[in-house]
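The values are calculated or read from the model by the stated rules, or taken from the named source; none is laboratory data. This is a predicted model, so every value here is computed, not measured. No Cβ is skipped: glycine too gets one built from the backbone with ideal geometry, and neighbour counts run over all protein chains shown. In case anyone asks, the SASA skips ligands and DNA or RNA and just uses the protein heavy atoms, side chains included. Shrake-Rupley method; radii C 1.70, N 1.55, O 1.52, S 1.80 Å.
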Amino acid sequence: MKITVNGESRDIAATTLDAALAELGYGEARVATAVNEGFVPSAARPGTTLSEGDRVEILAPRQGG
Amino acid sequence: MPTFYGTQVSSRLMLGTAQYPSPSVLAEAFRRSGAGIATVSLRREAAGGGAGQSFWDLIRDLGVPVLPNTAGCHSVREAVTTAQMAREMFGTDWIKLEVIGHADTLQPDPFGLVEAARILSDDGFKVFPYTTQDGILAGRLLDAGCEVLMPWGAPIGTGLGLNDLYGLRTLRAQFPDVPMVIDAGLGLPSQAAAAMELGFDAVLLNTAVAKAGDPAAMAEGFARGLEAGRLAYEADPMEPRDMAAPSTPVLGLAVLE
């Protein structure tokens, strides 16, 4: 299934958000997630099913002003 | 020291964490200034990169509360989603709300700002809105649930200081009991002192410190400027006048002509 991850097209086998994070190599990384511009809390990732063309954002702490 | 949403902070200086030459210089700037809050953001993370974790470790070592921002967000939806992600990531319901209206001026979009502030306040966030000196907008933000206002001094990153003294003085007078932070546009400690002399409660800055030749020294300079300005405000300054008034007694002046 093709989805967009942080603006780049990716082909994944996983069908849920938590499985996609593992497959993409995020493992235990400290990240926050959104799917199709909506926030997905970490506890909701296993129950969040991904579909073809979904847009996933994976963010982490950074410098800010 | 100012109290934001029931939490008293340890300094009138809120300092950004971006653009420093190195993490150690960032840490030294915080140490020498005693800044009470660190602003942070969320950005895309590469798989296996670990950049987020290493930055988070650095910030935790600073030992100050963090204020996540929604920098770069131009729509209500972007800002609200970013705030929700930040709340989970940083474990705080504080959010520096930016809804940017124009890419060149980075001026807040007042309409989107009020809408996002209402959504986030209703969702339990403690919103610190990056706003302008507009008093009507300030009232709408307070109505939306904000208990702190952060008017700009000048556009972000310009270092121009307090661009609209009349507007800021009027805003301060219009809402005397609302904690207010001058957010953005400051370039020099004298400008931070001026903000204190006007009765503002704190300043938030980043570029002026991070882009100085010696960021840690500049951070300390800002801390001292804030202290000086606040002391002056509390000391009830004299009224300015147009004509000179001799300070040395006239009585007893020798006649030597």
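For the reader, a short list of remarks on this structure follows.
- For B:SER24, the solvent-accessible surface computed with a 1.4 Å probe is close to 80 Å², ligands and nucleic acids excluded.
- For the protein assembly as shown, accessible area per residue (1.4 Å probe, heavy atoms of protein chains only), Å²: 47
- Of the residues making up the range B:38-71, those losing 50 Å² or more of accessible area when the isolated chain is joined by the remaining protein chains, with a 1.4 Å probe, are B:ARG43, B:ARG44, B:GLU45, B:ALA47, B:PHE55.
- Rounded FRET efficiency, nearest 0.05, which uses the C-beta distance separating B:VAL25 from B:ALA245 and R0 of 41 Å: 0.30
- The helix-only estimate of mean residue ellipticity at 222 nm for chain A, built from DSSP H runs of length n ≥ 4 each weighted as -39500 (n - 2.57), is -3500 deg cm²/dmol after division by the residue total.
- For the pair B:LEU165 and B:HIS74 in one chain, pulling the backbone fully straight at 0.36 nm per residue adds 30.0 nm over the alpha carbon distance.
- Here each label is just a point 7 Å from Cα along the line to Cβ, and for B:GLN53 and B:GLN174 those points are 4.8 nm apart.
- Taking all protein chains together and a 1.4 Å probe, the residues B:THR70, B:THR7 rank B:THR7, B:THR70 from largest to smallest accessible area.
- Gained length - B:LEU188 relative to B:ALA232, 0.36 nm times residue gap less alpha-carbon distance: 14.1 nm
- Overall form of the protein assembly as shown per C-alpha gyration tensor (a/c, 1.5; a/b vs b/c): prolate
- Structure-based [θ]222 nm, chain B - -39500 (n - 2.57) summed over DSSP H runs of at least 4, per residue, nearest 500: -12500 deg cm²/dmol
- Size estimate for the range A:2-59 follows the Kirkwood approach: the inverse of mean 1/r over distinct Cα pairs works out to 11.1 Å.
- Linear extension gain, A:ASP11 paired with A:GLU52, 0.36 nm per residue minus alpha-carbon span: 13.8 nm
- Measuring with a 1.4 angstrom probe and ignoring ligands and nucleic acids, B:LEU42 comes out at about 10 Å² accessible.
- Within the assembled protein chains, the solvent-accessible surface assigned to A:TYR26 is about 20 Å², based on a 1.4 Å probe.
- Per the accessible-area calculation with a 1.4 Å probe, the total area buried between chain B and chain A rounds to 2400 Å².
- The dipole here belongs to the range B:3-235: it is taken about the Cα centre, uses +1 on the Cβ of Lys and Arg and -1 on the Cβ of Asp and Glu, and is about 280 debye.
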